[in-house]
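To keep things clear, I will list the structure first and then write my remarks on it.
Laboratory data are not the source of any read-out in this text; all were calculated from the coordinates shown. Predicted, not measured: the structure shown is a model, and the values here were computed from it. Every residue, glycine among them, receives a Cβ derived from its backbone with ideal geometry; neighbour counts consider all protein chains shown.
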Amino acid sequence: MKFIVQWSGLPTAENAVIERFMKTGGQVPEGVTLLGRWHAIGGLHGFAIVEADDIRSIAALALDWGDLLTMSVFPAMTDEDLGAALGKHQTTRRQQG
């Protein structure tokens, strides 16, 4: 399953975030595949798209940086997945109405 991971941090954490990122390369935990990561210019903000089969791996990702960054994680759907869900919803509504 794919997830959108957003993060933000206070300017006071900037040096610690830089140090950790340079040391670890921003590696994700075992069980998580990083599909892409983007960083805002001029602040500790950004987002990544990751994939994992086990929610515990996603929790590990959030915990790895939780002392320095506020993280939000959301399940993500492709256009195709959303289209299929919407089609099923429309069919169900028609059958009920």
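At a glance:
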| read-out | value |
| --- | --- |
| Charge dipole magnitude, Cβ of K and R +1, D and E -1 - the chain, Cα centre, debye nearest 20 | 360 |
| Estimated FRET transfer efficiency when R0 is 22 angstrom, pair N15-A60 (beta carbons, to 0.05) | 0.35 |
| Cβ-based exposure ranking for D64, D79, D54, in which fewest neighbours within 10 Å come first | D79, D54, D64 |
| Cα long-axis angle, helix 14-24 against the chain (0 to 90 degrees, to the nearest 10) | 80 |
| Contour minus Cα-Cα distance for T70 and D53 (0.36 nm per residue) | 3.8 nm |
| Lys/Arg +1, Asp/Glu -1 at C-beta; segment 2-96 dipole; positive extreme among G25, A84, Q96 | Q96 |
| CD proxy at 222 nm, helix term only [per DSSP H run n ≥ 4: -39500 (n - 2.57); per residue of the chain; nearest 500] | -13000 deg cm²/dmol |
| Amide proton proximity set for L44, modelled H, under 5 Å, gap of 5+ | G9 |
| Loop sites in the chain: GluC sites (Glu not before Pro), DSSP, at most 11 other Cβ within 10 Å | E30 |
| Cα-Cα P(r), segment 2-96, percent of pairs per 10 Å interval | 15, 41, 23, 13, 7, 2 |
| Taking W65, W38, W7 and counting other C-beta atoms within 10 Å, the order from fewest to most | W38, W65, W7 |
| Length-normalised contact order of the chain in % [C-alpha pairs under 8 Å, at least 6 apart] | 41 |
| Theoretical FRET efficiency, 1/(1+(r/R0)^6), r = Cβ-Cβ of D79 and M22, R0 35 Å, to 0.05 | 0.45 |
